[in-house]
Structure formats: structure tokens, C-alpha cells
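Peer 1: Can you read through this structure? Questions will come right after.
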Amino acid sequence: MNKLLQLAQNAQRLTTGRLFVLTFSDQRNKDIVIQLNQEFQLELGVLADDRQLPFYSEVSQSVYGKPNSRWTLKDTGEFYESFRVINVSQSGLIIDADDEKEDKRLSEYGAILGLNDENMARLRDIIIPTIRKYLKELILK
């Protein structure tokens, strides 16, 4: 009976915020967020608010060899390399990156950092097994 009572008490102490922090304190899960932001949005020219980055100009295509596609903000790779999840709290997480580019801040192009609804759904699907693992660990401890 004491074991059952302990399980109930463990379940009562569990909050969604605590579960969120445990899940996203794991670097692998932070990396998934960054990967979704980069590979499933920016590399497709899509911003977190679902707006789209402009196409490369004809001059950029002919003179600099840019593709006939939307900007990806990945020219040198330096910007993508700077992506980090810098804060995880019970209310969410913050992605940061060095958005200085020559004389302009990349953030002027729009909502670069963050996930759109489609990638939030992808993240949920990917992260559910991890959440289940933490739920089991926290309740059964």
C-alpha cells in the first residue's frame, strides 16, 4: 500500500513545466529543435511565422552562382553553426544565433529563430518517447 501511495505522490508532484525542462535539458533534444529550425525551415526558405524568404536575384544567380531558389541564410555556414538553445525554462526555450551579417542583422528578414506549426508538430512526434521515459522515471522513482 505504501508503494501505491508513493506512486500517487510522485504523480501529483509532476508538472508539465518540470517535464519540459527535463526533456529539453538533454542536448540531443536541443539539437533536434535546431535541426528542425534549420533543415525543415530555413533551408527551404521558410520562417518561423511561415512567411517565406525572397528568391535570390538574377544578379546573385548569374554573378555569384546562387540557385534559383529562396534564400537559405546558409552561404558560409557560419550563421547555422552559431545556433544554440540558450535557455530552457518551464514556459519554453530560447534559440539564439549570431545574426550579424555585414551591415545588416539577419533578424530584419523576419522570424528566423523558432519553429513554425508544422515543425512544432514534428517536434512533438519526435519527442514523445523521451517524455514517456521521463514520466515513467519520475513516477516510479
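Peer 1: First obtain the Kirkwood hydrodynamic radius of the stretch 76-115 from its Cα pairs, then insert it into the Stokes-Einstein equation at 10 °C and 1.306 mPa s, and state the resulting D in µm² per second as a whole number.
Peer 2: Details: Rh = 11.2 Å.
Estimated diffusion coefficient is 142 µm²/s.
Peer 1: Multiplying the sequence separation of ARG84 and ASP125 by 0.36 nm and subtracting their Cα-Cα distance, what value in nm do you get?
Peer 2: On the way: separation 41, 0.36 × 41 = 14.76 nm, distance 2.16 nm.
Net length gain for the segment: 12.6 nm.
Peer 1: Per DSSP H run of at least 4 residues, take -39500 (n - 2.57); add these up for the chain, divide by its residues and hand me the 222 nm value, nearest 500 deg cm²/dmol. Please report the intermediate quantities before stating the final value.
Peer 2: Details: 6 runs with 69 residues, N = 141.
Mean residue ellipticity at 222 nm (helix-derived): -15000 deg cm²/dmol.
Peer 1: While we're here: For the stretch 88-95, just list the computed ³J(HN,Hα) in residue order, Karplus coefficients 6.51, -1.76 and 1.60, θ = phi - 60°, integers in Hz, with x standing in for Gly and Pro.
Peer 2: In residue order, the calculated couplings are 10, 10, 5, 9, x, 9, 10, 9 Hz.
Peer 1: May I ask you to list the trypsin sites (Lys or Arg not before Pro) in the stretch 47-84 that are in a DSSP loop and have at most 14 other Cβ atoms within 10 Å of their Cβ? Walk me through the intermediate numbers first.
Peer 2: Details: sites: ARG51, ARG70, LYS74, ARG84; in loops: ARG51, LYS74.
Here the sparse-neighbourhood loop sites are ARG51, LYS74.
Peer 1: Taking the Cα centre of the stretch 52-141 as origin, work out the dipole magnitude from +1 charges on Lys and Arg Cβ and -1 charges on Asp and Glu Cβ, in debye rounded to 20. Walk me through the numbers on the way to the answer.
Peer 2: On the way: 13 positive and 15 negative charges, 142 e Å.
Taking the Cα centre of the stretch 52-141 as origin, the dipole is about 680 debye.
Peer 1: Under the rule of at least 5 residues apart or a separate chain, name every residue whose amide H is placed under 5 Å from the amide H of VAL46.
Peer 2: The list, which skips near neighbours in sequence, is LEU53.
Peer 1: Sticking with this one: Using modelled amide H (1.01 Å from N, peptide plane; none on Pro or chain starts), what sits under 5 Å from the amide H of GLU100, excluding residues fewer than 5 places away?
Peer 2: Counting only residues 5 or more places away or on other chains, the set is LEU106.
Peer 1: If contacts are Cα pairs under 8 angstrom and at least 6 residues apart, what is the relative contact order of the chain in percent?
Peer 2: On the way: 150 pairs, mean separation 46.7, N = 141.
About 33 percent, as a whole number.
Peer 1: Something else now. Once the cut-off is 19 Å, how many percent of the Cα-Cα pairs in the stretch 1-101 end up in the long-distance tail? Mind dumping the intermediate values first?
Peer 2: Working: 2957 of 5050 pairs.
More than 19 Å apart: 59 percent of the Cα pairs in the stretch 1-101.
Peer 1: While we're looking at this one, here's another question. Got a sec? Charge dipole of the chain, +1 on Cβ for Lys and Arg, -1 for Asp and Glu; which of GLN61, VAL88, PHE20 is way out at the positive end?
Peer 2: Towards the positive end, the residue furthest out is PHE20.
Each reported figure results from applying straightforward, stated rules to the coordinates on display, with no laboratory input. Quick caveat, the model's predicted, so the values are computed rather than measured. Cβ coordinates were reconstructed from backbone atoms using ideal geometry, including for glycine residues, and neighbour counts include every protein chain displayed.
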